[in-house]
Amino acid sequence: AGFPCQPVSTAGKKEGIHDEEGRWIFDDICRLVSRMDSRPVLWLENVSGLLTANSGEAMARVVYGLADIGYHITWGTLPASAVGAPHYRNRWWGLATAADDDGVRLQGVRRLNPVERNADRRNGEGTRSRAAVFGGYWPAVARWERILGRPAPDPTVTGRLNPAFCEWMLGYPEGWVTDILTNRTDLLKIFGNAVVPQAAAEAFLQLSTR
């Protein structure tokens, strides 16, 4: 459940649990999970602002809301750059599982560690030319090219941000979104709210390892 980030994002009003537009839906997530016959593992995501919204009350609502329905949670933050992406995009990740017979255990925060990635060291005229396009960002761009196994699209088209470049920065396959949607505004909105799958996978791996 990637519950809406607008109530806790630094880009918004940070009204959190008091969001006037009703976007604080975590209580609804807990209510729906409590009605399920099974006890699924819950994989949760939001922006890191969740930790400080409402002076910590929003995060407390998450932890104790899960406790009320018999879950314990381990959480931490991991940015996209920790897996080699050329941008920060810090995210909060939470792994909640049904409590054992000993009762609810609130495991709390775990420090998530970046994955070691070496910068691409290719040489040649093509590399020098592309380095001129990306300037000081070139080492980070080249590293992500190596990790994904494909070159970065042009960052701009006709002087404006290229949605295909955003798709590439997020680590999605070429055309994963841009082959489906054509409206530039819609594309940029989707990419702005998206997560990097490689970061989600790494966060899950670390949080699920005891």
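The values are calculated or read from the model by the stated rules, or taken from the named source; none is laboratory data. Nothing here was measured: the structure is a model prediction, and the numbers come from that model. Cβ: placed from backbone, ideal geometry, glycine included. Neighbour counts: every protein chain shown. Keep in mind that these areas ignore ligands, DNA and RNA; they rest on the heavy atoms of the full protein, side chains included. Shrake-Rupley method; radii C 1.70, N 1.55, O 1.52, S 1.80 Å.
Quick test of your reading of the structure: Ala132 fulfils all but one of (1) under 29 Å from Leu44 (Cα atoms); (2) outside any loop (DSSP other than H, G, I, E, B); (3) at pLDDT below 95. Name the failing condition by number.
Of (1) under 29 Å from Leu44 (Cα atoms); (2) outside any loop (DSSP other than H, G, I, E, B); (3) at pLDDT below 95, only one is false for Ala132: (1).
Determine whether Val177 is closer than 19 Å to Asn90 by Cα, of a type in the set (Val, Ile, Thr) and modelled with pLDDT of 95 or more.
Values: closer than 19 Å to Asn90 by Cα: no; of a type in the set (Val, Ile, Thr): yes; modelled with pLDDT of 95 or more: yes.
The answer is no for Val177.
With the checklist (1) more than 26 Å from Val33 (Cβ to Cβ); (2) at pLDDT 95 or above; (3) open to solvent by 20 Å² or more (accessible area, probe 1.4 Å) in hand, flag the one item Trp168 doesn't pass.
Against the list (1) more than 26 Å from Val33 (Cβ to Cβ); (2) at pLDDT 95 or above; (3) open to solvent by 20 Å² or more (accessible area, probe 1.4 Å), Trp168 comes up short only on (3).
Determine which member of the set Thr182, Thr127 is among the polar types (S, T, N, Q), exposed (fewer than 11 other Cβ atoms within 10 Å of the Cβ), more than 24 Å from Val47 (Cβ to Cβ) and at pLDDT below 95. If you could, list the steps in order and put the result at the bottom.
Working: Thr127 fails: exposed (fewer than 11 other Cβ atoms within 10 Å of the Cβ).
Selected residue: Thr182, the only one of Thr182, Thr127 that is among the polar types (S, T, N, Q), exposed (fewer than 11 other Cβ atoms within 10 Å of the Cβ), more than 24 Å from Val47 (Cβ to Cβ) and at pLDDT below 95.
Say whether the condition of being assigned to a helix (DSSP H, G or I), modelled with pLDDT of 95 or more and under 19 Å from the mean Cα position of the chain (by Cα) is met by at least one residue in the stretch 83-101.
Looking for residues that are assigned to a helix (DSSP H, G or I), modelled with pLDDT of 95 or more and under 19 Å from the mean Cα position of the chain (by Cα), one finds at least one in the stretch 83-101, hence yes.
Tally time: how many residues in the stretch 46-69 are open to solvent by 30 Å² or more (accessible area, probe 1.4 Å) and touching a Phe, Trp or Tyr at 6+ places or on another chain (Cβ under 8 Å)?
Total meeting the criteria: 3.
When residues of the stretch 185-196 are filtered for being open to solvent by less than 60 Å² (accessible area, probe 1.4 Å) and not in a loop (DSSP other than H, G, I, E, B), how many remain? Steps first, please.
If we filter the stretch 185-196 for residues that are open to solvent by less than 60 Å² (accessible area, probe 1.4 Å), which is where we start, we get 187-188, 191-192, 194-196.
Remaining after also requiring not in a loop (DSSP other than H, G, I, E, B): 187-188, 191-192.
Residues meeting the conditions: 4.
Would it be correct to say that Trp144 is surrounded by 18 or more Cβ atoms within 10 Å (Cβ to Cβ), in contact with a Gly (Cβ under 7 Å, 6 or more places away or on another chain), on the phi < 0 side of the Ramachandran plot and at pLDDT 90 or above?
yes
Residues that are more than 28 Å from Trp92 (Cα to Cα) and touching a Pro at 6+ places or on another chain (Cβ under 9 Å): does the stretch 188-196 have at least one? Step through it out loud before you land on a result.
Initially, the stretch 188-196 is screened for residues more than 28 Å from Trp92 (Cα to Cα), giving none.
Checking the stretch 188-196: not a single residue is more than 28 Å from Trp92 (Cα to Cα) and touching a Pro at 6+ places or on another chain (Cβ under 9 Å).
Confirm whether Glu174 is surrounded by fewer than 19 Cβ atoms within 10 Å (Cβ to Cβ) and either touching a Phe, Trp or Tyr at 6+ places or on another chain (Cβ under 9 Å) or assigned to a strand (DSSP E or B) (or both). Working first, answer last.
On the way: surrounded by fewer than 19 Cβ atoms within 10 Å (Cβ to Cβ): yes; either touching a Phe, Trp or Tyr at 6+ places or on another chain (Cβ under 9 Å) or assigned to a strand (DSSP E or B) (or both): yes.
For Glu174, the condition - surrounded by fewer than 19 Cβ atoms within 10 Å (Cβ to Cβ) and either touching a Phe, Trp or Tyr at 6+ places or on another chain (Cβ under 9 Å) or assigned to a strand (DSSP E or B) (or both) - is met.
For the stretch 69-82, name all the residues that are out of contact with any helix residue (DSSP H, G or I) (no Cβ under 7 Å at 6 or more places or on another chain) and either of a type in the set (D, E, K, R) or assigned to a helix (DSSP H, G or I) (or both).
Ser81
Six or more apart or on different chains, Cβ under 6 Å: which pairs go from a residue in the stretch 27-51 that's farther than 15 Å from Leu66 by Cβ to one that's assigned to a helix (DSSP H, G or I)? Could you list them?
Matching pairs, first to second residue: Leu51/Met59.
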